[in-house]
Ligand code: HEM
C-alpha cells in the first residue's frame with residue numbers, strides 16, 4: 001500500500017473562529033460519535049455556521065454548516081479543497097489507495113477506469129447475481145417472530161458483496177473468512193484509539209487489511225483475461241487511457257475501498273428505510289401498492305425506474321439519516337467562502353444531516369414527508385447542495401445507482417410478501433457512528449400479506 005501525498009502540516013491556528021476544543025487528547029470525538037447531529041446543532045446555535053473543535057489524533061477542525069459550504073468544498077472547480085487531506089488521517093490509514101483518497105488528475109484517471117464497472121450493462125449483470133441471493137435470504141426470514149433486522153440485512157449484503165464485488169460463492173469458506181477480515185478492518189475505523197499497539201483493535205484492523213490485500217493481489221493474475229461479471233474481475237480487466245492494465249496496488253486499493261464504501265452504507269440505508277416504513281404504515285402501504293402494480297415477477301430495469309414512491313422513501317430516509325454523517329476536506333490554499341476567510345491547510349467538516357434539516361431549505365424538516373422529493377415540490381433542488389447524501393462534485397458517490405437498485409430489489413421482494421411491524425410505540429434512539437441506525441438494531445416482526 002502506498003500513501004500518495006506528503007501533506008503540509010494542518011493549520012492549527014483557528015483562534016480567530018469561535019468554538020470549543022473539548023477534552024484534552026480526545027477533543028470532541030466522543031460527543032460527535034454519540035450524537036453527530038446534536039453536536040452540529042449545538043455549535044450552530046452557539047457559534048453560527050463556522051466554528052472550531054478538536055478531534056482525536058490532535059486534529060483541529062473547522063465545522064462548516066450549510067449548503068454554501070457544501071457547494072464550495074464539494075463542487076470546487078478550482079481545487080481549493082483536498083479530499084486526500086480531509087481523509088488521510090482517518091480512512092486513509094486503512095484505505096490509502098481508495099478513490100476518495102485521490103485528488104485532481106490522479107482521481108480523474110481512477111474514476112474513468114472505474115466507470116465501466118458502474119455502467120448500465122454492468123448493473124444489469126449485478127441484478128442477475130443479486131436476485132437469487134436476496135431471494136434465498138428473504139425466504140429464510142422468520143415469520144411472526146421478532147428478529148433484529150440490522151443483523152439480518154448485514155448478512156444478506158455481505159453475501160451480495162462476496163458474489164457481486166468479489167466473484168465468490170457467498171457460502172464458501174473463503175467468503176466467510178473475508179467477512180471476518182472486513183469486519184476487523186471496519187472495527188479499526190471506529191475505535192476511539194486508532195494507535196498501532198500490539199493486539200489492539202486498530203492493530204488487528206491493520207493486519208486484516210494486509211490479509212485482504214493478499215487476497216486481491218494473489219487473485220489478479222487468475223482473474224485477468226476471464227470474462228466473469230463481478231466487479232473485481234472487471235477491475236482486473238480494466239485498462240487506462242494508454243491501454244495498460246491497472247497495477248496491483250491500484251486494484252487492491254480500489255476494491256478494498258469499494259467494499260468499504262458500499263457495504264455499511266447500504267446496510268444503514270435499508271435498516272433506516274424499514275424503520276420509517278414501520279413507523280409510517282400508510283407509506284408502507286403506498287410502496288406496496290406501487291410494487292403490486294408491477295406485473296413482472298421480478299422488476300426489470302424500467303420497472304425499477306417506475307418505482308418512484310419507493311425512491312422518494314429512500315431519499316427521505318437518507319435526508320434524515322444519510323449513511324455518511326460527516327464529510328471531510330482540507331483547504332489547499334487560503335479560501336473565502338460565504339463571508340469567512342479560511343486559511344490554507346485547514347481541516348473542515350461538512351454535515352449532510354444538519355443541512356438536510358435546515359428550515360431555510362426544507363418545509364417542516366422534522367416531518368417524514370417523502371413527497372417533498374416529487375417533481376412538483378423538489379425541495380431537494382432548492383439549492384444545488386442542500387441535499388447531499390451521496391456527496392457532490394468530482395467525488396460524488398459512484399455507487400449511487402447500484403445502491404438504489406439493490407434497495408429497490410430488496411424492498412420489492414420483501415414488501416410484496418410481508419408486512420413489516422415494529423413493536424407498539426417503538427421509538428429507538430439512533431446511533432450516528434460508524435453509520436446511523438437504531439441503537440437496538442431495529443427489532444421487527446414480519447407477517448404474511
Ligand atoms: C446508500 C448507500 C450509499 C451512500 C449513502 C453513499 C454515500 C457516499 C458519499 C457521501 C460519498 C462522498 C464522500 C465525500 O465526498 O467525502 C461517496 C463516495 C463514494 N462511494 Fe458511496 N454511498 C453509498 C453506496 C455506495 C456503493 C454501493 C458503492 C459501490 C458500489 C459506493 C462507492 C463509493 C465510492 C468509490 C466513492 C468515492 C468516489 C470518488 O472519490 O470519486 N458507494 N458515497
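Quick rundown of the values:
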| item | result |
| --- | --- |
| Count - residues of segment 96-113 that are within 18 Å of the chain's Cα centre (by Cα), assigned to a loop (DSSP other than H, G, I, E, B) and within 10 Å of the ligand (Cβ to nearest atom) | 2 |
| Residue in segment 78-86 that is in a helix (DSSP H, G or I), within 13 Å of the ligand (Cβ to nearest atom), under 21 Å from the mean Cα position of the chain (by Cα) and under 23 Å from residue 19 (Cα atoms) present | yes |
| Flag if residue 89 is in a loop (DSSP other than H, G, I, E, B) and either under 26 Å from residue 189 (Cβ atoms) or modelled with pLDDT of 95 or more (or both) | yes |
| Only one of 143, 93, 131 that is away from the ligand (no atom under 13 Å from the Cβ), under 18 Å from residue 267 (Cα atoms) and touching a residue at least 40 places away in the same chain (Cβ under 8 Å) | 131 |
| Tabulated pairs, segment 230-258, first more than 22 Å from residue 159 (Cβ to Cβ), second within 14 Å of the ligand (Cβ to nearest atom) and in a helix (DSSP H, G or I), C-beta under 7 angstrom, 6+ apart or interchain | 238/113; 238/116; 240/109; 240/113; 246/113; 246/235; 251/235 |
| Among (1) farther than 16 Å from residue 327 by Cβ; (2) assigned to a loop (DSSP other than H, G, I, E, B) - the single one residue 419 does not satisfy | (2) |
| Residue check, residue 444 part of a strand (DSSP E or B), touching a residue at least 60 places away in the same chain (Cβ under 8 Å), touching a strand residue (DSSP E or B) at 6+ places or on another chain (Cβ under 8 Å) and within 30 Å of residue 189 (Cβ to Cβ) | yes |
| Residue selected from segment 41-65 under the condition over 25 Å from residue 334 (Cβ atoms) and in contact (Cβ under 8 Å) with a residue 24 or more places away in the chain, by the criterion surrounded by the fewest Cβ atoms within 10 Å (Cβ to Cβ) | 46 |
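Here's the yes/no breakdown for (1) more than 9 Å from the ligand (Cβ to nearest atom); (2) modelled with pLDDT of 95 or more; (3) closer than 30 Å to residue 17 by Cβ; (4) touching a strand residue (DSSP E or B) at 6+ places or on another chain (Cβ under 7 Å):
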{"position": "300", "(1), (2), (3), (4)": "yes, no, no, no"}
{"position": "311", "(1), (2), (3), (4)": "yes, yes, no, no"}
{"position": "350", "(1), (2), (3), (4)": "no, yes, yes, yes"}
{"position": "361", "(1), (2), (3), (4)": "yes, yes, yes, no"}
{"position": "380", "(1), (2), (3), (4)": "yes, yes, yes, no"}
{"position": "411", "(1), (2), (3), (4)": "yes, yes, no, no"}
{"position": "414", "(1), (2), (3), (4)": "yes, yes, no, no"}
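The values are calculated or read from the model by the stated rules, or taken from the named source; none is laboratory data. Just so it is clear, the model here is predicted, and its values are computed rather than measured. Note that we place each Cβ from the backbone using ideal geometry, even for glycine, and neighbour counts take in every protein chain shown.
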